[in-house]
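The values are calculated or read from the model by the stated rules, or taken from the named source; none is laboratory data. Keep in mind that this is a model prediction, so the values were computed, not measured. With ideal geometry, Cβ positions are generated from the backbone for all residues, glycine too; neighbour counts draw on all protein chains shown.
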Amino acid sequence: MVLRRALWGAGLRGWRCHVRNVPGTPDLCWQARKVAVFVDSAWWHGHPSRWVAGRHPPEWDQKIERNMRRDTEVNLILNEMGWTVIRIWDFDLVDDIDVAVDRVKQVIAKRPPVGNKGGLTLVLPE
């Protein structure tokens, strides 16, 4: 929600949330532009500053490692399908959400719509 509010506030529109027919079910995506955004929890997705293998019971390590493998697989599948994948750590939204918003805006600006699916609407401040 934090990222969606910030994108909306920055004038970026046109995303859809949790689109199930896109591999990995991205948190946000612009299907016409083939851009998928995932906001990953540092713990559940194995960021080295938040998760170190061996500190917890083996079941947790296995779960986190499966998540990391799945993230890599989803990235590869989407890239092969011509998508651009943006992964943002949850703590990056807390540290400096403007950086995350700028990242998304830059990628979106470089990706023209494919087909006639609509896509981006950028609302500029008056």
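Taking region 17-44 as the range and being assigned to a helix (DSSP H, G or I) and of a type outside the set (D, E, K, R) as the test, the residues that pass are Gln31, Ala32.
Yes or no, residue by residue, for (1) within 21 Å of Pro113 (Cβ to Cβ); (2) among the basic types (Lys, Arg); (3) in contact with a Leu (Cβ under 9 Å, 6 or more places away or on another chain):
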| site | (1), (2), (3) |
| --- | --- |
| Arg4 | yes, yes, yes |
| Cys17 | yes, no, yes |
| Arg55 | no, yes, no |
| Asp61 | no, no, no |
| Glu65 | no, no, no |
| Leu76 | no, no, no |
| Trp83 | yes, no, no |
| Trp89 | no, no, no |
| Ile97 | no, no, yes |
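Does region 82-95 contain at least one residue that is surrounded by 14 or more Cβ atoms within 10 Å (Cβ to Cβ), in contact (Cβ under 8 Å) with a residue 24 or more places away in the chain and part of a loop (DSSP other than H, G, I, E, B)? For region 82-95, residues surrounded by 14 or more Cβ atoms within 10 Å (Cβ to Cβ), in contact (Cβ under 8 Å) with a residue 24 or more places away in the chain and part of a loop (DSSP other than H, G, I, E, B): present. Close contacts from region 30-44, counting a first residue that is surrounded by fewer than 17 Cβ atoms within 10 Å (Cβ to Cβ) and a second that is among the charged types (D, E, K, R), with Cβ to Cβ under 7 Å and a gap of 6+ residues or different chains, come to Ser41/Asp90; Ala42/Arg50; Ala42/Asp90; Trp43/Arg50.
Looking only at residues in region 45-63 that are out of contact with any helix residue (DSSP H, G or I) (no Cβ under 9 Å at 6 or more places or on another chain) and either outside any helix (DSSP H, G or I) or closer than 26 Å to Arg4 by Cα (or both), which one is modelled with the lowest pLDDT? Of everything passing the filter in region 45-63, Val52 is modelled with the lowest pLDDT.
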